[in-house]
1. Any residue in region 371-382 that is among the β-branched types (Val, Ile, Thr), surrounded by fewer than 20 Cβ atoms within 10 Å (Cβ to Cβ) and outside any loop (DSSP other than H, G, I, E, B)?
2. Criterion first (closer than 24 Å to residue 397 by Cβ, β-branched (Val, Ile, Thr) and modelled with pLDDT of 95 or more) does residue 22 satisfy it?
3. Which one is farthest from residue 108 (Cα to Cα), of the residues in region 14-36 that are free of Cβ contacts under 8 Å to residues at least 60 places away in the same chain and over 17 Å from the mean Cα position of the chain (by Cα)?
4. Given the criterion surrounded by 15 or more Cβ atoms within 10 Å (Cβ to Cβ) and outside any helix (DSSP H, G or I), identify the matching residue among 30, 87, 70.
5. State all residues of region 223-244 that are closer than 18 Å to residue 257 by Cβ and charged (D, E, K, R); if no residue qualifies, say none.
6. What are the residues in region 131-150 that are farther than 24 Å from residue 27 by Cα and crowded, with 18+ Cβ neighbours inside 10 Å, if any?
7. Working carefully through the options 191, 222, find the one that is outside any helix (DSSP H, G or I), closer than 24 Å to residue 170 by Cβ and at pLDDT 85 or above.
8. With the requirement that a residue be touching a residue at least 40 places away in the same chain (Cβ under 8 Å) and either under 14 Å from residue 138 (Cβ atoms) or part of a helix (DSSP H, G or I) (or both), what does region 194-209 give you?
Amino acid sequence: MSGSLVRLSSFELRFFVWCLAVFSTFIAPIKVYPLFFVAFIFSHILFVKKDELKIRKKLFLVIFMTIMLILTFIFAGIKGFERFGVIKFVDYFKMALNYSFLAVSLHFFSSCKSETLRLSIYFKRLFVLILLLSLFQLLNNIYQINFWTVPFDGSNNKSWVSYRLTLPGVLFGDLNKNIWSTKVIFFCIMLFLFKWKGIIDFKRFTWWLIVFLVLFFVVYSLSRTGQVVFATFLVVSLFVSVLESQRFRSFRLLFISFLLLTIGFLSQFVIGKVIHLDISNASSDGLASRIVIWYTFINHGDFINLLGFGVNSASHFISEYVGRQENNFHNVFINLVFESGLIGLLLFLLILFWLYFRNEYVKSDRSLSFVLLLPLLVCLNSHYVGYDADLVIYLINSYVVLMLNKFKLQM
């Protein structure tokens, strides 16, 4: 009995520290999450049980690839120092810490198979808490700058208008409104999947209230990337639901045709209103400036090699060849090619491939992997650098969703 209590308390302690680590990534004024990431890593090492030390071959492989990716960045940094003469050890520490958090978290949750019911409940509470606090922060900012009509009056077509959203200050979220939007929407996607797959349940009124709050956040966060990511998730989810539905089996082709026509119609609105592009004014149009940066990189193919130039080296390239003060390419794949080389990109892609197509929980519901992966790919082609805390947390949450869904199907 006492051994059981110790085991349960060990799980609860580590999961509580993990939740604090995730929660800390939303503290905007100062970056405190590294302290909590370190705390979780050490708590797992200190309280891990002997029977949890056994690592499945495939999980060991992805942890090994994560370690190799860290080493690739470090060796690339030596080359980058020779080329640009600058190296920031804090950036390398954060990169190594984030990937270490990924590896340790995957090991932790792989050993929580007997705690799936409690995991479902705890994750539900965590997701809802993050959504509510994010909405409170958003409502406060909207009220202070009187942005109630901005999503509908056309003024948000100008990028500089939407960036005013963070001017009143952000305590919970992120000082970059695009990152703020995306990191919250990542959790909203998980919340929707928990409900869709029956991992958790809500009363009908509560659920529709959550749906309304999520849609409110997506619209008023004024982030084109966040809106397109969430729209991609909804479209892919609907498409998969129609394909898998037995109720509409006879009308499946009709539903798919209607869905494709609807997507085609809505894409005109998305392209014209959401993904508005002004190449002539690239200095103030976020998407246009990114295209200019990507095009410049493509025209300098001599920077593409097996080993890149290290963490944050992209900022030096962009400053020198584009003349802009940007710290990354706003595209994870290009950023990885430049900073960690083709080797780093390959390792990153292998980690994604294992997580969404080869891990032990995928076979029970392969369509869920696509629903998780496609919105992520949309986001990776807009911002993030490849070793962000938000990205790492999304990968961990994806693993947990796949795991809990498999055990739900077996019940």
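The values are calculated or read from the model by the stated rules, or taken from the named source; none is laboratory data. For clarity, every value in this text was computed on a predicted model and none was experimentally measured. A quick note on method: Cβ atoms are made from the backbone with ideal geometry, for glycine too, and the neighbour counts reach across all protein chains shown.
1. Pass one, region 371-382, residues among the β-branched types (Val, Ile, Thr): 371, 378.
Subsequent filtering for residues that are surrounded by fewer than 20 Cβ atoms within 10 Å (Cβ to Cβ) retains 378.
Those left that are additionally outside any loop (DSSP other than H, G, I, E, B): 378.
Yes, the conditions are met somewhere in region 371-382.
2. Working: closer than 24 Å to residue 397 by Cβ: yes; β-branched (Val, Ile, Thr): yes; modelled with pLDDT of 95 or more: yes.
For residue 22, the condition - closer than 24 Å to residue 397 by Cβ, β-branched (Val, Ile, Thr) and modelled with pLDDT of 95 or more - is met.
3. Per the criteria, the residue is 30.
4. Numbers: 30 fails: surrounded by 15 or more Cβ atoms within 10 Å (Cβ to Cβ); 70 fails: outside any helix (DSSP H, G or I).
Only one candidate passes the filter, namely 87.
5. 244 - this is the single residue of region 223-244 that is closer than 18 Å to residue 257 by Cβ and charged (D, E, K, R).
6. Across region 131-150, the qualifying residue is only 150.
7. When all the criteria are applied, what remains is 222.
8. Filtering region 194-209 down to residues touching a residue at least 40 places away in the same chain (Cβ under 8 Å) leaves 194, 196-200.
Those that are touching a residue at least 40 places away in the same chain (Cβ under 8 Å) and either under 14 Å from residue 138 (Cβ atoms) or part of a helix (DSSP H, G or I) (or both): 194, 196.
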